[in-house]
1. Please state which of the following conditions SER124 fails to meet, knowing it meets all the rest: (1) part of a loop (DSSP other than H, G, I, E, B); (2) under 26 Å from GLY302 (Cβ atoms); (3) touching a Lys or Arg at 6+ places or on another chain (Cβ under 9 Å).
2. Among the strands (runs of 3 or more DSSP E) confined wholly to region 20-105, which include 2 or more residues that are within 18 Å of ASN270 (Cβ to Cβ) and more than 14 Å from ligand 2 (Cβ to nearest atom)?
3. Could you tell me whether ASP240 is crowded, with 22+ Cβ neighbours inside 10 Å, at pLDDT 95 or above and of a type outside the set (A, V, I, L, M)?
4. Is it the case that ILE126 is within 14 Å of ligand 2 (Cβ to nearest atom) and within 17 Å of the chain's Cα centre (by Cα)?
5. Just to be sure I understand, how many residues within region 59-84 are buried (at least 16 other Cβ atoms within 10 Å of the Cβ) and in contact (Cβ under 8 Å) with a residue 60 or more places away in the chain?
6. Sort out for me the helices (runs of 4 or more DSSP H) sitting completely within region 252-313 that have 2 or more residues that are touching a strand residue (DSSP E or B) at 6+ places or on another chain (Cβ under 8 Å) and within 15 Å of ligand 2 (Cβ to nearest atom).
7. Only one of these is in contact with a helix residue (DSSP H, G or I) (Cβ under 8 Å, 6 or more places away or on another chain), in contact (Cβ under 8 Å) with a residue 24 or more places away in the chain and either hydrophobic (A, V, I, L, M, F, W, C) or surrounded by 13 or more Cβ atoms within 10 Å (Cβ to Cβ) (or both): LEU188, LEU137, LEU94, LEU107. Name it.
Amino acid sequence: MEEQQQGEQTKPKKILCIGLVCLDIISVVDKFPEEDSDSRCVSQRWQRGGNASNSCTVLSLLGSPCAFMGSLCAGPVASFILEDFARFQVEVCLPRERAACVTPTSLVIGSAATGSRTILHMNSNIPDVTFEDFSALDLSAFKWIHWEGRNADEQLKMMAAVERRNAALPRQRRIVTSVEIEKPRENLYRLFPHADVVFVSKDVSRQLGFHTPQNAIRGLAGRLRAGAVLICAWAEKGADALDADGTLLHSDAFPPQHLVDTLGAGDTFNAAVVHKLANGCRLQEALTFGCRVAGAKCGFHGYDAIADQLTQM
Ligand code: ADP
Ligand code: FRU
């Protein structure tokens with residue numbers, strides 16, 4: 001026990017993100033194509049995608065040691081994805097081998113005229129991370145666990161396990177938890193009261209009848225557990241939040257000079273907020289930093305250039 005505690009103290013603890021990794025095949029067009037037309041795109045690239053996977057990329061670029069847990073199927077696409085995780089120094093925790101499955105893929109049309117991204121996602125037959133997979137992890141390696149809301153039943157079991165573990169530990173050794181509720185699916189709304197920090201999307205907010213980030217925060221606060229934080233990003237409107245003590249907070253957006261690529265803006269925002277909170281910053285600072293990093297990201301393709309822009313943030 002003593003040995004384990006010493007080990008825990010010497011290694012820097014990581015942020016673990018659990019959710020989707022997929023291949024994004026991105027075609028950049030100068031004008032969005034018409035149906036049944038035949039046109040050329042400006043450029044095309046493969047990029048590792050998926051919300052949790054993108055957030056890991058950004059966490060790592062910001063200097064937070066992190067790990068990804070999600071399903072992959074052996075093959076050339078998985079090799080591309082694993083090489084890219086390694087390039088960004090993201091540790092990968094793979095669940096048990098999935099038989100005869102296909103790695104999910106998105107076809108993305110990025111418009112050079114507007115910076116919009118149109119995503120056609122193929123979720124394939126790959127099972128998400130289960131509670132059994134999660135149970136194989138040594139949780140002492142992590143200071144924060146972030147779930148991309150997906151298979152809520154299994155994720156609720158994972159969250160309960162972390163809560164049980166936390167209850168037996170002094171405050172400074174507890175794992176902080178966050179969850180992203182992005183897809184407007186009723187099943188995911190059960191996740192609201194089970195994390196310390198909840199990211200809710202504008203799509204979910206709208207589906208639940210809230211048409212501004214302020215209304216979403218006020219209207220959804222009651223779904224959280226006492227003392228939790230709620231955060232709602234809203235593209236060019238920036239982001240709003242409710243702090244653990246009930247204070248309402250806001251950050252404006254920081255639009256880039258030219259909107260180039262909004263793919264993964266939300267994942268970038270989440271990562272930048274988690275990075276700051278996990279390093280002891282206050283929520284207002286984290287919110288503003290999230291909007292700065294996500295806004296800057298909308299000004300270039302992919303994520304790499306985040307590292308170059310950090311000195312200006
Ligand atoms: P998603 O990618 O999930 O749709 P959002 O559109 O809510 O995410 O954007 C997340 C964050 O990214 C916003 O809070 C904002 O800071 C930044 N952002 C996104 N789009 C823009 C934009 N057009 N101009 C400036 N900032 C943006
Ligand atoms: C961006 C993203 C893409 C992926 C899609 C899946 O937020 O994670 O990388 O193709 O969403 O819904």
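The values are calculated or read from the model by the stated rules, or taken from the named source; none is laboratory data. Worth saying up front: this structure is predicted, and the values here are computed from it rather than measured. Backbone-built Cβ (ideal geometry, glycine too); neighbour counts: all protein chains shown.
1. Among (1) part of a loop (DSSP other than H, G, I, E, B); (2) under 26 Å from GLY302 (Cβ atoms); (3) touching a Lys or Arg at 6+ places or on another chain (Cβ under 9 Å), SER124 violates only (3).
2. Values: elements: 22-29, 43-49, 66-69, 91-93.
Passing ranges, in order: 66-69.
3. yes
4. Numbers: within 14 Å of ligand 2 (Cβ to nearest atom): yes; within 17 Å of the chain's Cα centre (by Cα): no.
Against the criterion (within 14 Å of ligand 2 (Cβ to nearest atom) and within 17 Å of the chain's Cα centre (by Cα)), ILE126 does not qualify.
5. 7
6. Working: elements: 265-278, 283-297, 306-309.
Helices (runs of 4 or more DSSP H) meeting the threshold: 265-278, 283-297.
7. Answer to the selection: LEU188.
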